[in-house]
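The values are calculated or read from the model by the stated rules, or taken from the named source; none is laboratory data. This structure is a prediction, so every number in the text was calculated from the model and none was measured. Note that we place each Cβ from the backbone using ideal geometry, even for glycine, and neighbour counts take in every protein chain shown.
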Amino acid sequence: MPHFQLAFSDPLLTVRELATKLRVSRATVWRMVAAGRLPDPVYPSWRTPRWREHECIIAIDKHRYTPNEAKEQRRRKAIVGSLTFRG
């Protein structure tokens, strides 16, 4: 029952509010949704995407890297970037 109450008392964030909280642009919020790093928005009415704050917190925590994981991820991107053909 507490989880049910949490879902309804949780604030719905606009794309601008979510971008401000994450310190990214609005376009980056949509890129994060497309990449699966953020949940899909809910639409309380037509053309009004909103995100539940607790769902976003859970999604961000799920995709957060430790410092060593982040370093490894950057290293892999650098290796892959150096292997691409630039002719």
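Can R37 be described as part of a loop (DSSP other than H, G, I, E, B), modelled with pLDDT of 80 or more and touching a His at 6+ places or on another chain (Cβ under 8 Å)?
Yes.
Is it the case that some residue within the range 49-62 is loosely packed, with under 11 Cβ neighbours inside 10 Å and charged (D, E, K, R)?
Within the range 49-62, one or more residues are loosely packed, with under 11 Cβ neighbours inside 10 Å and charged (D, E, K, R).
Out of all the residues in the range 51-74, which are in contact with a strand residue (DSSP E or B) (Cβ under 6 Å, 6 or more places away or on another chain) and among the acidic types (D, E)?
Scanning the range 51-74 gives a single hit, E53.
Scanning the range 9-48 for residues that are small (G, A, S) and at negative phi, which turns out surrounded by the most Cβ atoms within 10 Å (Cβ to Cβ)?
Filtering first and then ranking leaves A19.
Give me the pairs, please: first residue somewhere in the range 49-63 and under 13 Å from L13 (Cβ atoms), second residue anywhere and in a helix (DSSP H, G or I), beta-carbon distance under 6 Å, and either six or more positions apart or on two chains.
Hits for this filter: W51/L18.
Checking Y65 against (1) at pLDDT 90 or above; (2) in a loop (DSSP other than H, G, I, E, B), only one condition comes out false. Which one?
Among (1) at pLDDT 90 or above; (2) in a loop (DSSP other than H, G, I, E, B), the lone unmet condition for Y65 is (1).
Is it the case that Y43 is modelled with pLDDT under 85 and among the aromatic types (F, W, Y)?
No, not satisfied.
Could you tell me whether the range 14-21 includes any residue that is outside any helix (DSSP H, G or I) and at pLDDT 90 or above?
Yes: the range 14-21 contains one or more residues that are outside any helix (DSSP H, G or I) and at pLDDT 90 or above.
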